[in-house]
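Undergrad: My questions all concern the structure below.
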Amino acid sequence: MTNKVLTICPYCGSGCHMNLLVEDGKVVGAEPADGRTNEGNLCLKGHYGWDFLNDPQILTARLRKPMIRKEGVLREVSWEEAIQFTAEKLTAIKEKYGPDAIMGTGSARGPGNEANYVMQKFMRAVIGTNNIDHCARVCHGPSVAGLTYSLGDGAMSNSIPEIEDTDLLFIFGYNAAVTHPIVARRIVKAKQKGATIIVSDPRKTELARIADTWLPLKGGTNMALVNAFGNVLIEEELYDKDYAANYVEGFAEYKESVRKYTPEYAESITGVKADDIRKVMRQYAKANKAMILYGMGVCQFAQAVDVVRGLASLALLTGNFGRPGVGIGPVRGQNNVQGSCDMGALPNVYPGYQSVTDPKIRKKFEKAWGVMLPDKIGYHLTEIPHLVLKEDKVKAYYIFGEDPVQSDPNAAEVRETLEKMEFVIVQDIFMNKTALHADVILPATSWGEHDGVYSSADRGFQRIRKAVDPPGDVKPDWQIISELATAMGYPMSYRNTEEIWDEMRALSPKFAGASYKKMEEQGGVQWPCPTEDHPGTPYLYEGNRFSTANGKGRLFACEWRAPLEQPDQEYPLTLSTVREVGHYSVRTMTGNCRALSQLSDEPGNIQISPGDASSLGIEDGQLVRIISRRGRIVARAQISDRVKTGATYMTYHFWIGACNELTGDALDPISKTPEYKYCAIRLERIPDQLRAEQKVRQQYESLRKQMHVGAGQA
């Protein structure tokens, strides 16, 4: 007999409802359910991305027992020994160096909001530091900082279902067909209903192919283009004067800042034709309902926060807020990256985006948690290599549901950082590259094996549910952290995730009315939801009152800055990281699904233009060597006429062709987000392809052995 368990897909922030099909205690399939955002549809990963729960050990193996490194080797131990060992080591480091010598992460993937709430509470109340951060730092950190500055909330102002009912979609640096296929479906439906589609992207993406206008800007020139948009709105008096006068501040400064960014000046920087810049802004200003959607093509530059503020300014100037079908949408990449931010897994805010530097708010949390709390903002995740290698300030790292060796820039530096640490804890579901550097491994339950809540990209709290029992001797993340807290002298005990959730919402005014009961009744609750009788909020800023201190939206423009590492004679090409539709994040989940693993495999691809391939003598499908100032890897050439001459693109899913061996660690000065979208590389043809293929296979098998593939399989 097949049981159906309603839950939320663990891939991307679309928040799709789905049923897991369970037979004899195993997941055997998935089918779409009728959710608010997906309306009975699933993408490829939704349909076939559940198989990792069965531990097929294609890429890596599930963690089944706690492990401690003894005499250089990770050995299985009991939970009692693992918790006691970890508690004693953390306590000793805290006593010797102080609480700020310990860094912890949240997890934007499977654990859920409750586990993130407990983790940030552990770091703040037990360790005594605000050094808590997570992978939003390497993706939509600029959205949180930029939109909070401009509008007061670091989240989508609109809802995913509204996308198909707008008159104009302005899509900037966002390839929804690959990252959020269910959102892409809404974009296609919008076009079918008559909406104008404008796409700004250096590559001819799937969305660029259906766009009414494609703006193929040069990589790293976003701010110049956004400034030019503002210039056109003002110089041609296309902006909404009444709206700007009543609901917006900073107009005079903004006008002066964009004055020199005429379309002709911007064309000289961006390569986008001046006539096209004028045309799309006239269309944007004229539309009754216009919506901006953006993604990593905005956020993963060293001038990302400025561009986010600049895009929000376009919507403010044209009055595109406070109604259905308008606004600005940073479409969150990982399934619960919005939730991890909501829960305060950030160094500057408690749950509900409440500042750690506000004495009144801090006092509220001190009273609830029964301890004094630190009053200074903690370290950002991307600062850790520098703080360890250059300043010797951080000694212990509690990595919860993340794999920074694979996902963070300059992988060699990340490995060196972990090796220098006195103590590294990895809490995860799979062996991964980061776990190879761990002193202790704490195995956790996966999505499908525990209950909880995820936040979709459009601020929607939705229930996830346990479908099967986990393999081996593993525990839910929140339980592991609670046991560790108790062993360190801070008793922490919860009976279930609802009890954690109720504690969290009692402390978070924006979420106070979002009970489990309401989520069950409505299918989900979009925040803000301040009271028990409030249904939630599909779109923000009704009445054009923003969440800033004075209720007004804030305009922003500034000078464009070129990316920090430019091509030269030695490294003549640029590299940008991208995604592919069949794989997700560091690939430990999708790479362990039998159907999805057939789509593409090691060593991954590098997309290059036909012109560059021809001049280097490279043929499609050949292995090539890729070299930057930080490392060298091998990947397969994928020659594409969608790519401009001089530019290349790689996904970060693969282990042999790991593009983060190449990427740089230049950061946005405000959000500290890395510039994944632009670094200098060179390509080398490999004459002996047969030998190169053999070497890739050997390397892959060696990695799989290190990941315990085949060892202890159930």
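The values are calculated or read from the model by the stated rules, or taken from the named source; none is laboratory data. Being a predicted model, the structure only gives us computed values, none of them experimental. We place every Cβ from the backbone using ideal geometry, glycine too, and count neighbours over all the protein chains shown. Just so you know, the surface numbers come from the protein's heavy atoms only, side chains and all, with ligands and any DNA or RNA stripped out. Shrake-Rupley method; radii C 1.70, N 1.55, O 1.52, S 1.80 Å.
Undergrad: Condition (residue is out of contact with any His (no Cβ under 9 Å at 6 or more places or on another chain), in a helix (DSSP H, G or I) and more than 29 Å from I429 (Cβ to Cβ)) applied to segment 665-683: is it met by at least one residue?
TA: Checking segment 665-683: not a single residue is out of contact with any His (no Cβ under 9 Å at 6 or more places or on another chain), in a helix (DSSP H, G or I) and more than 29 Å from I429 (Cβ to Cβ).
Undergrad: Let me ask something else about it. I'd like to check something: does segment 562-581 contain any residue that is small (G, A, S), touching a residue at least 24 places away in the same chain (Cβ under 8 Å), under 30 Å from E256 (Cα atoms) and assigned to a loop (DSSP other than H, G, I, E, B)? Break it down into steps so the answer makes sense when it comes.
TA: Start the filter on segment 562-581 by keeping residues that are small (G, A, S), which leaves 562, 576.
Then drop every residue that is not touching a residue at least 24 places away in the same chain (Cβ under 8 Å), which leaves 562, 576.
Among the residues that remain, those that are also under 30 Å from E256 (Cα atoms) are: 562.
Subset that is assigned to a loop (DSSP other than H, G, I, E, B): 562.
Yes, segment 562-581 contains a residue that is small (G, A, S), touching a residue at least 24 places away in the same chain (Cβ under 8 Å), under 30 Å from E256 (Cα atoms) and assigned to a loop (DSSP other than H, G, I, E, B).
Undergrad: List, please: which pairs have Cβ atoms under 9 Å, are six or more places apart or on different chains, and start with a residue in segment 308-321 that is closer than 10 Å to L555 by Cα and open to solvent by 10 Å² or more (accessible area, probe 1.4 Å) and end with one that is part of a loop (DSSP other than H, G, I, E, B) and not hydroxyl-bearing (S, T, Y)?
TA: R309/L555; R309/F556; R309/A557; R309/C558
Undergrad: May I ask you to verify whether D439 is acidic (D, E) and either under 30 Å from G524 (Cβ atoms) or buried (at least 24 other Cβ atoms within 10 Å of the Cβ) (or both)? Lay out the reasoning, then the answer.
TA: Values: acidic (D, E): yes; either under 30 Å from G524 (Cβ atoms) or buried (at least 24 other Cβ atoms within 10 Å of the Cβ) (or both): no.
When the stated conditions are applied, D439 does not pass them.
Undergrad: A follow-up question, please. Give me a count of the residues in segment 596-626 that are farther than 25 Å from R209 by Cα, modelled with pLDDT under 95 and surrounded by fewer than 19 Cβ atoms within 10 Å (Cβ to Cβ).
TA: Residues flagged as farther than 25 Å from R209 by Cα, modelled with pLDDT under 95 and surrounded by fewer than 19 Cβ atoms within 10 Å (Cβ to Cβ) within segment 596-626 amount to 2.
The rows are residues; the columns are (1) surrounded by fewer than 24 Cβ atoms within 10 Å (Cβ to Cβ); (2) touching a Ser or Thr at 6+ places or on another chain (Cβ under 9 Å).
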site	(1), (2)
K390	yes, no
W447	no, yes
K475	yes, yes
W478	no, yes
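Undergrad: If you don't mind, another one. Restricted to segment 1-41, and to residues that are open to solvent by 10 Å² or more (accessible area, probe 1.4 Å) and among the polar types (S, T, N, Q), which residue is nearest to F52 (Cα to Cα)?
TA: Among residues in segment 1-41 that are open to solvent by 10 Å² or more (accessible area, probe 1.4 Å) and among the polar types (S, T, N, Q), the one nearest to F52 (Cα to Cα) is N19.
Undergrad: Given the condition surrounded by fewer than 16 Cβ atoms within 10 Å (Cβ to Cβ) and more than 26 Å from the chain's Cα centre (by Cα), answer yes or no: does some residue in segment 627-645 qualify?
TA: yes
Here's the yes/no breakdown for (1) modelled with pLDDT under 95; (2) closer than 22 Å to R587 by Cβ; (3) assigned to a strand (DSSP E or B):
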position	(1), (2), (3)
P687	no, no, no
E693	no, yes, no
Q698	no, yes, no
L703	yes, yes, no
Q713	yes, yes, no
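Undergrad: Within segment 523-545, work out how many residues are open to solvent by less than 60 Å² (accessible area, probe 1.4 Å) and in contact with an Asp or Glu (Cβ under 8 Å, 6 or more places away or on another chain).
TA: Selection size over segment 523-545: 4.
Undergrad: Against the conditions (1) out of contact with any Cys (no Cβ under 7 Å at 6 or more places or on another chain); (2) open to solvent by less than 10 Å² (accessible area, probe 1.4 Å), where does N335 fall short? Just the number, please.
TA: Here N335 clears every test but (1).
Undergrad: If we scan segment 602-623, do we find a residue that is touching a residue at least 60 places away in the same chain (Cβ under 8 Å) and in contact with an Asp or Glu (Cβ under 7 Å, 6 or more places away or on another chain)?
TA: Within segment 602-623, one or more residues are touching a residue at least 60 places away in the same chain (Cβ under 8 Å) and in contact with an Asp or Glu (Cβ under 7 Å, 6 or more places away or on another chain).
Undergrad: Could you give me the residue pairs with C-beta distances under 9 Å whose first residue belongs to segment 522-543 and is under 18 Å from Y454 (Cα atoms), whose second residue is of a type in the set (D, E) and open to solvent by 20 Å² or more (accessible area, probe 1.4 Å) wherever it lies, and which are 6+ apart or on separate chains?
TA: G523/D34; P538/E162
Undergrad: List every residue pair whose Cβ atoms lie under 9 Å apart, where the two residues are 6 or more positions apart in sequence or sit on different chains, the first residue falls within segment 491-510 and is acidic (D, E), and the second residue, located anywhere, is open to solvent by 30 Å² or more (accessible area, probe 1.4 Å).
TA: E498/D451; E503/A368
Undergrad: Any idea how many residues of segment 566-594 are under 20 Å from G657 (Cβ atoms) and of a type in the set (D, E)?
TA: Of the residues in segment 566-594, 1 are under 20 Å from G657 (Cβ atoms) and of a type in the set (D, E).
Undergrad: Can you find, within segment 449-473, the residue that is farthest from the chain's Cα centre (by Cα) among those that are open to solvent by 10 Å² or more (accessible area, probe 1.4 Å) and either of a type in the set (G, A, S) or modelled with pLDDT under 95 (or both)?
TA: Ranking the candidates gives G472 first.
Undergrad: May I ask you to list the residues in segment 106-129 that are part of a loop (DSSP other than H, G, I, E, B), open to solvent by less than 10 Å² (accessible area, probe 1.4 Å) and in contact with a strand residue (DSSP E or B) (Cβ under 9 Å, 6 or more places away or on another chain)?
TA: Hits for segment 106-129 are G106, S107, G112, T129.
Undergrad: Consider A136 against the criteria (1) open to solvent by 10 Å² or more (accessible area, probe 1.4 Å); (2) modelled with pLDDT under 95: it satisfies all of them except one. Which criterion is unmet?
TA: Status for A136: all satisfied but (1).
Undergrad: Find the strands (runs of 3 or more DSSP E) located wholly in segment 590-641 whose residues include 2 or more that are farther than 21 Å from R203 by Cα and not charged (D, E, K, R), and list them. Break it down stepwise before answering.
TA: Details: elements: 605-608, 623-627, 632-639.
In segment 590-641, 623-627, 632-639 are the strands (runs of 3 or more DSSP E) which contain 2 or more residues that are farther than 21 Å from R203 by Cα and not charged (D, E, K, R).
Undergrad: When both residues are 6+ apart or on different chains and their Cβ atoms are under 9 Å apart, which pairs have a first residue that lies in segment 58-69 and is within 19 Å of S597 (Cβ to Cβ), and a second that is of a type outside the set (A, V, I, L, M) and part of a strand (DSSP E or B)?
TA: Short answer, once both residue conditions are applied: L59/F430; T60/F430; A61/F430; R62/F430; R62/P443.
Undergrad: Condition first: touching a Cys at 6+ places or on another chain (Cβ under 7 Å), of a type outside the set (S, T, Y) and within 25 Å of I377 (Cα to Cα). Can you find one or more residues in segment 114-136 that meet it?
TA: Looking through segment 114-136, at least one residue is touching a Cys at 6+ places or on another chain (Cβ under 7 Å), of a type outside the set (S, T, Y) and within 25 Å of I377 (Cα to Cα).
Undergrad: Quick one: would you say R554 is touching a residue at least 60 places away in the same chain (Cβ under 8 Å), on the phi < 0 side of the Ramachandran plot, exposed (fewer than 15 other Cβ atoms within 10 Å of the Cβ) and over 24 Å from the mean Cα position of the chain (by Cα)?
TA: no
Undergrad: Give me the pairs: first residue in segment 453-471 and closer than 12 Å to N336 by Cβ, second residue of a type in the set (V, I, T), beta-carbon distance under 6 Å, and six or more apart or on different chains, which are they?
TA: Sorted first by the residue in segment 453-471, then by its partner, the pairs are Y454/I8; Y454/I464; A457/V331; F461/V453; F461/V525; Q462/I8; I464/T7; I464/I8.
Undergrad: Can you find even one residue in segment 333-350 that is at negative phi and without any contact (Cβ under 8 Å) to a residue 24 or more places away in the chain?
TA: Yes, the conditions are met somewhere in segment 333-350.
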